[in-house]
Amino acid sequence: MEKQTLPNATVSLVLGIFSLVTCICYGVLGLPLGVAAFVLGNKALKVYGENPENYTGSGNATAGKILGVIGVILNLLFILV
């Protein structure tokens, strides 16, 4: 069987990147994007953990999760300042 791309891994990465970009520009908009990136990255990594031989792209999920956390922290700092 052919390996599939991990569901929501790329979406998590894109949302994490947008969370960082909107933090600098808009502030409040990046907070829910960062939370969504973290949640989707967690879900994707759980799916990967159950059947790692069936999926590729766990790096995107990990990067999205990390960017989501960084985005949330930066957005909270921006809001507090």
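The values are calculated or read from the model by the stated rules, or taken from the named source; none is laboratory data. Predicted, not measured: the structure shown is a model, and the values here were computed from it. These area figures cover heavy atoms from the full protein model, side chains too; ligands, DNA and RNA do not enter into them. Shrake-Rupley method; radii C 1.70, N 1.55, O 1.52, S 1.80 Å.
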Review point. Based on DSSP H assignment, which helices of the chain show an axial Cα extent of at least 20 Å together with a mean Kyte-Doolittle hydropathy greater than or equal to 1.6?
Key: 9-25, 58-80
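For every helix of n ≥ 4 consecutive DSSP H residues, a contribution of -39,500 (n - 2.57) applies; sum these over the chain, divide by its total residues, and give [θ] at 222 nm rounded to the nearest 500 deg cm²/dmol.
Values: 3 runs with 61 residues, N = 81.
My calculation for the chain gives -26000 deg cm²/dmol from helical runs alone.
Which values, in whole Å and largest first, are the semi-axes of the equivalent ellipsoid of region 13-53 obtained as the square root of 5 times each eigenvalue of the Cα gyration tensor? Walk me through the intermediate numbers first.
Details: eigenvalues 139, 14, 3 Å².
Semi-axis lengths for region 13-53 are 26, 8, 4 Å.
Over the chain, what is the mean sequence separation of C-alpha contacts under 8 Å (at least six apart), divided by residue count, expressed as relative contact order in percent? Mind showing how you got there, number by number?
Numbers: 158 pairs, mean separation 36.1, N = 81.
Here the relative contact order equals 45 percent.
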Revision key, fill the gap. Percent relative contact order for region 37-81, counting Cα pairs under 8 Å at least six residues apart, stands at 48
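For the chain, what % of the accessible area comes from carbon and sulfur atoms, probe 1.4 Å?
Working: 3510 of 4970 Å².
The C+S portion of the solvent-accessible surface of the chain is 71 percent.
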Exercise for review: Would you mind calculating the gained length between residue 3 and residue 53 on full extension (0.36 nm times residue separation, minus the Cα-Cα distance), in nm to one decimal?
Suggested key: 17.3 nm
Exercise for review: Grab the Cα-Cα distance for residue 28 and residue 46, subtract it from 0.36 nm times how many residues apart they are, and report the gain in nm with one decimal.
Suggested key: 3.6 nm
